[in-house]
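All of the numbers you see were taken from the coordinates with simple rules; none came from a lab. Fair warning: this is a prediction, and the values are worked out from it, not measured in the lab. So basically every Cβ, Gly included, is an ideal-geometry build from the backbone, and we count neighbours across all protein chains shown.
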Amino acid sequence: MKNTRRFALGLVTAISTVTIATLVATLALPAHADKRERDHERASKQARAPMPAAYLTECASCHAAFPRNSLNTAEWQQVLAGLDKHYGDNASLDAATLKPIAEYLVGPQATSPQVGAGKTAMAAGTELPRLTKTGWFTREHREVPAALWKDPAIKSAANCAACHPDAGRGGYNERDIRLPGGKRWED
């Protein structure tokens, strides 16, 4: 009888321990996801504030206003140094126009957390870095079906504004994603 009680008590203790561990792990998963979302949102806010008028006029007139933390300083320097061959276009700027853009992208205030920085697949100096090749971009868009990239309203992974309506101001919050046809993105 004594051994049966010990066995029963041990079994109850083991089951309780497993139940508590499972409960703790289950509760921790959303907290981790929430922390990742909060970190991304904080980085997004830091990247958005404030974009100089020259950046919006010159850069965002052709493509989305990419957050400054989407590439690292060396990559932004490489992009700025190659404006005469900017992804197939001549985007050269005079020194007065370039100065606030460079200060925004690589200056001392550009030290916000690096969301996708430094993870491009290109070797330094071989071609200009592409945000769409960063590890961060790949992870964030891994659930996007290949057919969606080919949708005529999207055309390319570089067309951020097709799904991120606030991309023109540097806003890439996942909760604001709108797919072609006005559908919301559902995880």
Q. If the Cβ limit is 7 Å and pairs must be 6+ apart or interchain, which residue in segment 83-100 that is free of Cβ contacts under 8 Å to residues at least 40 places away in the same chain and closer than 17 Å to residue 61 by Cα pairs with which residue that is part of a helix (DSSP H, G or I) and not charged (D, E, K, R)?
A. 91/83; 92/83; 93/83
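For segment 161-187, name all the residues that are under 27 Å from residue 50 (Cβ atoms) and not in a loop (DSSP other than H, G, I, E, B). Can you show your working first?
We begin by selecting, within segment 161-187, every residue under 27 Å from residue 50 (Cβ atoms); these are 161-178.
161, 162, 167, 168, 169, 174, 175, 176, 178 - these are the residues of segment 161-187 that are under 27 Å from residue 50 (Cβ atoms) and not in a loop (DSSP other than H, G, I, E, B).
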Q | Odd one out for residue 69, checked against (1) part of a helix (DSSP H, G or I); (2) under 17 Å from residue 159 (Cα atoms); (3) of a type outside the set (Ser, Thr, Tyr) | A | (2)
Q: Please list, ordered by first then second residue, the pairs with beta carbon atoms under 9 Å, 6 or more apart or interchain, first in segment 56-79 and in contact (Cβ under 8 Å) with a residue 12 or more places away in the chain and over 16 Å from residue 172 (Cα atoms), second in a helix (DSSP H, G or I) and among the β-branched types (Val, Ile, Thr).
A: 58/97; 58/101; 59/101; 73/106; 74/106; 76/106; 77/106
Q. Considering only segment 162-176, how many residues are within 14 Å of the chain's Cα centre (by Cα), surrounded by fewer than 16 Cβ atoms within 10 Å (Cβ to Cβ) and not basic (Lys, Arg)?
A. 3
